[in-house]
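Down below is the structure, laid out as structure tokens.
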Amino acid sequence: MKLRHYLLPLLTLLLGAASGCREDELVVPTEYEIIGDEYRDGGIRGFYLVNEGNMGSNKCTLDYYDYYTGLYSRNFYAERNPDVIKELGDVGNDIGIYGSKLYVVVNCSHKVEVLDAHSGIRLGQVDIPNCRYVRFHRGRAYVSSYVGPVLIDPNAPKGAVYEIDTLSLAVTRKVSVGYQPEEMEVVDDYMYVANSGGYRAPEYDNTVSVIQMVDFKQVQQIPVGINLHRLKKDRYDKLWVTSRGDYQYRPSRLYVMQKKPGYNQMVVTDTIPVACSNMAFYGDYMYYYATEWNNYTASNTVIYGIIDVRTKEIISDSFIKDGSEKDITIPYGIAVHPETGDIFVTDAKNYVSSGTLYCFSSDGYKKWSVRTGDIPAHITFLVK
Amino acid sequence: MKLFRTAGLLRHLKYFFIIATLLYVGFTVEVMGVQPADTLSRQLDEIVVTARKPNEDIIPAQTLSGDELHRLNSNSVADALRYFSGVQVKDYGGVGGIKTVNIRSMGTNHTGVVYDGVELGNAQNGQIDLGQFSLDNIEAISLYNGQKSEILQPAKDFGSAGTIYMRTRTPVLREGESYHARATMRAGSFDLLNPSALIELRLSRRVTASLSAEWVNSSGKYKFRYRRVNPAGELAYDTTAVRQNGDINATRLELNTYGSLPNGSWTAKVYNYNSERGVPGAIVNNVWRRGERIWDTNSFMQGQYTGYFGRFSTLNTFKYAFYRTHYVNNDDKQVKIDNLYKQKEVYISSANEYKITGRWRASAGYDFLWNSLDADVYGFVKPDRISQFLSVATALDLDRFKMQASALGTFIHDRIKGQQAPADRHVLSPAVYMNGYPLSNRDFSIRVFYKKSFRMPTFNDLYYADMGNSQLSPERVTQYNVGLLYDHTASSSFITAARVSADAYYNRVKDKIVAYPKGQQFRWTMLNLGLVDIRGVDLTGLITLNPWNDLYLTLRGQYTFQRAIDITNPADNYYRDQIPYIPRHSGAAVANAQWRGWSLNYSWIYVGERYNQQENIRYNYTQPWYTSDISVSKDFTIREVSLRGLLEINNLLSQDYDVILNYPMPKRNYRFTLTVEI
């Protein structure tokens, strides 16, 4: 009887706290920002940027900039594909466009997400364990993966490159390469894969695997440097390979590989003493940034340099001319617009908050910047 | 008489409406009602024969004890702590999931956890997993902001920014009784099987012992659900899955002996916890199962001697601990990991108090602590640490006014293998506690405290692979607290007890140790970078009513307001944003009715909206959650045997929520407990 008197206040109490009530969990909507950097004459429609997101956060997101409208769309995957459970996934690692399809490599979700390159609508996914980078060649996509078939030593499995048919999106072949392979590139029907061996520290791998594409077999492993990461070709089919070093005694380095005239074999011809972290090509120039940690000052030293790929000489150690490099905490991605030569640099900040994408004109002045998702990293341009 | 009671009730209703209105306005008040620790000490007085009554705390703790604690639908100590104000529990879900606590937003590493008088340590990462401590043998849990305001305590106890004291059951043997035994069986959702037993023996007139054993086995499997709608209100996806790899198989063995001496008492404990657990991991796109497993063996022995000799009292403690953690990652898609970590700890403490006059006491204490960590990880530097603590404290009791002042000096020396060790560190932590009764009847009191404390960088912060930074300095915290307490008890009236407290505080965390990006792709180091400004209000309330004969109603609640903002650098995206996982509003309410051996308990926990990363943006928004738990228990006796049956339903409304992003919590779940005592 008396208990009833208390029900009302109790109910009020519950209601009161319910002012901060749960609502239906919404698919996170896309955010748009007007950048206004319109460019309609050339063959480039826009670009995609994949934000990696910190491991376990499931915050790999996709941003898109459209040169027609001058609009930057932040996190548009979930809105375009609302019915995909748990969205794009955990830790994006690479992005690429081939034909009409966009491929996003989502490392910790162990899959390559395939979208329509113009609409961003999902076409399917290819499950590849611990996948890293994607490249294309003759109607096929190739994805490097840390996990190859378990052969001799189950505790140290070698990595692999998976071949995907871009029409059926099925894995057609795979080949075992070195330990923990990263970037790769195809030159004259041979694929070159940078092996890191990152899981085996301190016994890093130091080789570039050579895969003969017809039989899809590893035919050679060329020793280059420890803990290899980037491997990109310039317009003269030279390979530019980076070594991350061991973060302690052996510094990060940049190597150049090319074929001797009359031979089909790539050999290391130059070692350039820069701690190159990432690079992008534009004509005869290679834009790169190099980040080095100094234990003594407890700070990073960053160089934004240019190398002439013909002479392999550093022609500038600062492609940013207006001092805005001071605003960049940790550069994490670089790309150059293939037509205008605009340089894009991403800042991953502290890895657990929104990053920033900077656009610099080819002469090194900041044009604009925009807030991105967490750890903005990889950019690919969309051709009309 | 009856008229009088009705009038009382009306007055009372009015009071309730005021509170309810306040709540509605959003300034949610109230609740809690945690028993002062001194009441408990008084109870224990009757059991442990000590030569004199322990001194009362200057600022009483929030305490949950006895039957009340065991009716609270709690699986572990961490669950019970949710009923304390100012506390946030990080819960990764399930029976075996890691659970850590954060007091007043200062960070888990600032929380001291004391088990039967001796602090638990983890030099590796500084965090104590409270999910490992079952409530089975716990008699009381107390939370002290700052320190326990008592001066006869180990020097180290003056150090933490907030401290949780867990006390196990002391043998209760009546005159002439030579033994006492209890057996409990719990079973429920997640395939839980949890039998435990306790035997208490009188070994001699002055010595008693207890042996407590427990086994927990659970598959950790539970259903969870993720559901999203698009802004138009249409269903985007709705999926229910079963949590995998969250199994646990654990045993706990604990042997205690208690002795009384003509001038004091002693206790000794041997403790062993053994577990194998799956680590369920984050649920992300395309990944619903992981392959990580952890084996823990935590063993320690400790002893404590208290002596009273006239004006002089002494408290001496010894502990040796060995923790072994074996971590394996079996996931075929990831790097294989198989690491063994071993931690050792030796602790010796002596605290001594001298009563200068009847109202004025002073104490001095010295602790020696040695920690080591060994791991079969490449390049591991095998650190060990010698910490020395020297405390001086004084307490003044002027009847209506009490105060305590203490200072703790900490001296830390690290050694590492094959490299030059960082320089020794020393830190001074002063604290002042005051309490006054402005009214003569002592129902009402005002309290104030100020404390400076720090946390040492852990072995992981300093020496972990290439992430650690051996140059780190301690992370510092300053706390200011002002509070009011109204505490009224009357044994025979409609309201048998009423208690309301309110505390406002300001904390500042300086040189906060944060991960900072380093060098090339995705590598970190630790730096003393952060600066956090915390302002909060803790409210607690308790009321016990006796509306009719044997019917007792207890309502208690707590409300916590916290504004904890990051003020490190105005250039950061998250400058002045609320720090991750700290809700602005949180609270709990408990209603309990007891009638002739029956007990009905309803509890409600609310955690407001928070952000799962530093930036307070939509992408990092985490919804509020609130769960209702109910339990019914009945005590009865068959001849000499007393029994209790307890049925608990947790998450009654089956809310689908995450405490930590991507770590889904269980839907509605059940547990049944049968306890037999002879």
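The values are calculated or read from the model by the stated rules, or taken from the named source; none is laboratory data. Quick caveat: nothing in here was measured; it's all calculated off a predicted structure. Neighbour counts run over all protein chains shown; Cβ positions are idealised from the backbone, glycine included.
One residue stands out among those in segment B:319-353 that are of a type in the set (D, E, K, R) and exposed (fewer than 15 other Cβ atoms within 10 Å of the Cβ): the one that is nearest to the chain's Cα centre (by Cα), which is B:338.
Matching residues to (1) hydroxyl-bearing (Ser, Thr, Tyr); (2) within 13 Å of chain B (Cβ to nearest Cβ); (3) in contact (Cβ under 8 Å) with a residue 24 or more places away in the chain:
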site	(1), (2), (3)
A:221	no, no, yes
A:226	no, no, yes
A:229	no, yes, yes
A:248	no, yes, no
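Please count how many residues of segment B:227-240 are surrounded by 15 or more Cβ atoms within 10 Å (Cβ to Cβ) and in a strand (DSSP E or B). Selection size over segment B:227-240: 4. Looking across segment A:275-301, just one residue is away from every other protein chain (no Cβ under 12 Å), assigned to a loop (DSSP other than H, G, I, E, B) and either buried (at least 16 other Cβ atoms within 10 Å of the Cβ) or out of contact with any strand residue (DSSP E or B) (no Cβ under 8 Å at 6 or more places or on another chain) (or both), and that is A:283. Checking A:277, A:243 one by one, the residue that is more than 20 Å from residue A:315 (Cβ to Cβ) and among the hydroxyl-bearing types (Ser, Thr, Tyr) is A:243 and no other. If you take the residues of segment B:164-179 that are part of a loop (DSSP other than H, G, I, E, B) and in contact (Cβ under 8 Å) with a residue 60 or more places away in the chain, which of them is farthest from the chain's Cα centre (by Cα)? Restricting to residues being part of a loop (DSSP other than H, G, I, E, B) and in contact (Cβ under 8 Å) with a residue 60 or more places away in the chain, the top hit is B:172.
All of B:654, B:631 fail the test of being within 22 Å of residue B:72 (Cα to Cα), assigned to a loop (DSSP other than H, G, I, E, B), of a type in the set (Ser, Thr, Tyr) and touching a residue at least 12 places away in the same chain (Cβ under 8 Å), apart from B:654.
Residues that are within 24 Å of residue B:272 (Cβ to Cβ) and in contact with a strand residue (DSSP E or B) (Cβ under 7 Å, 6 or more places away or on another chain) number at least 3 in the following strands (runs of 3 or more DSSP E) confined to segment B:77-147: B:99-103, B:111-115, B:138-145. Would you mind stating whether residue A:42 is outside any strand (DSSP E or B) and at positive phi? The answer is no for residue A:42. Selection of segment B:223-259 for residues being under 29 Å from the mean Cα position of the chain (by Cα) and of a type in the set (S, T, N, Q) yields B:244, B:245, B:249, B:251, B:256, B:257. All conditions in (1) hydrophobic (A, V, I, L, M, F, W, C); (2) touching a residue at least 12 places away in the same chain (Cβ under 8 Å); (3) surrounded by 19 or more Cβ atoms within 10 Å (Cβ to Cβ); (4) within 14 Å of another protein chain (Cβ to nearest Cβ) hold for residue B:250, with the sole exception of (4). Given the residues B:516, B:505, which is the only one that is of a type in the set (Phe, Trp, Tyr), outside any loop (DSSP other than H, G, I, E, B) and farther than 29 Å from residue A:242 by Cα? From the options B:516, B:505, the qualifying one is B:505. Scanning segment B:585-620 for residues that are in contact with a Ser or Thr (Cβ under 9 Å, 6 or more places away or on another chain), assigned to a loop (DSSP other than H, G, I, E, B) and farther than 28 Å from residue A:356 by Cα turns up B:597, B:608.
Looking at segment B:192-209, can you tell me whether even one residue there is under 30 Å from residue A:76 (Cα atoms) and not charged (D, E, K, R)? Taking every residue of segment B:192-209 in turn, none turns out to be under 30 Å from residue A:76 (Cα atoms) and not charged (D, E, K, R).
If the condition is being surrounded by 22 or more Cβ atoms within 10 Å (Cβ to Cβ), of a type outside the set (S, T, N, Q) and more than 21 Å from residue B:316 (Cβ to Cβ), then segment B:144-170 contributes B:144, B:146, B:161, B:162, B:164. Have a look at B:554, B:568 and point out the one that is within 13 Å of chain A (Cβ to nearest Cβ), in a loop (DSSP other than H, G, I, E, B) and touching a residue at least 12 places away in the same chain (Cβ under 8 Å). Testing whether each residue is within 13 Å of chain A (Cβ to nearest Cβ), in a loop (DSSP other than H, G, I, E, B) and touching a residue at least 12 places away in the same chain (Cβ under 8 Å) leaves just B:568. The residue that is farthest from the other protein chains (Cβ to nearest Cβ), counting only those in segment A:97-141 that are of a type in the set (Asp, Glu) and within 18 Å of residue B:288 (Cα to Cα), is A:113. Can you say whether residue B:619 is within 25 Å of the chain's Cα centre (by Cα), of a type in the set (Ser, Thr, Tyr), at the interface with chain A (Cβ under 10 Å from one of its Cβ atoms) and buried (at least 17 other Cβ atoms within 10 Å of the Cβ), as far as the supplied structure shows? No; evaluated as a whole, the condition is false for this residue. As a summary of the residue check, residue B:595 satisfies the conditions (1) crowded, with 18+ Cβ neighbours inside 10 Å; (2) within 12 Å of chain A (Cβ to nearest Cβ); (3) touching a residue at least 40 places away in the same chain (Cβ under 8 Å) except for the one numbered (1).
Could you check, for segment B:274-292, whether at least one of its residues is part of a strand (DSSP E or B) and over 30 Å from residue B:339 (Cα atoms)? Checked against the condition, which is being part of a strand (DSSP E or B) and over 30 Å from residue B:339 (Cα atoms), segment B:274-292 yields no hits at all.
If the condition is being more than 7 Å from chain B (Cβ to nearest Cβ) and assigned to a strand (DSSP E or B), then segment A:345-364 contributes A:345, A:346, A:347, A:355, A:356, A:357, A:358, A:359, A:360.
Here's the yes/no breakdown for (1) of a type outside the set (A, V, I, L, M, F, W, C); (2) over 19 Å from residue A:124 (Cα atoms); (3) within 11 Å of another protein chain (Cβ to nearest Cβ); (4) in contact with a Pro (Cβ under 6 Å, 6 or more places away or on another chain):
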{"position": "A:44", "(1), (2), (3), (4)": "no, yes, no, no"}
{"position": "A:49", "(1), (2), (3), (4)": "no, yes, no, yes"}
{"position": "A:56", "(1), (2), (3), (4)": "yes, yes, yes, no"}
{"position": "A:65", "(1), (2), (3), (4)": "yes, yes, no, no"}
{"position": "A:70", "(1), (2), (3), (4)": "yes, yes, no, no"}
{"position": "A:74", "(1), (2), (3), (4)": "yes, yes, yes, no"}
{"position": "A:84", "(1), (2), (3), (4)": "no, no, yes, no"}
{"position": "A:88", "(1), (2), (3), (4)": "no, no, yes, no"}
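Just one of (1) closer than 24 Å to residue B:108 by Cβ; (2) of a type outside the set (Gly, Ala, Ser); (3) exposed (fewer than 14 other Cβ atoms within 10 Å of the Cβ) fails for residue B:439. It is (1).
Being under 29 Å from residue A:28 (Cα atoms) and buried (at least 16 other Cβ atoms within 10 Å of the Cβ) holds for only one residue in B:272, B:286, and it is B:286.
The single residue among A:210, A:134, A:186, A:171 that is of a type outside the set (D, E, K, R), at pLDDT 95 or above and buried (at least 21 other Cβ atoms within 10 Å of the Cβ) turns out to be A:134.
Taken over segment B:513-551, the criterion of being away from chain A (no Cβ under 13 Å) and of a type in the set (D, E, K, R) is satisfied by B:533, B:535, B:538, B:550.
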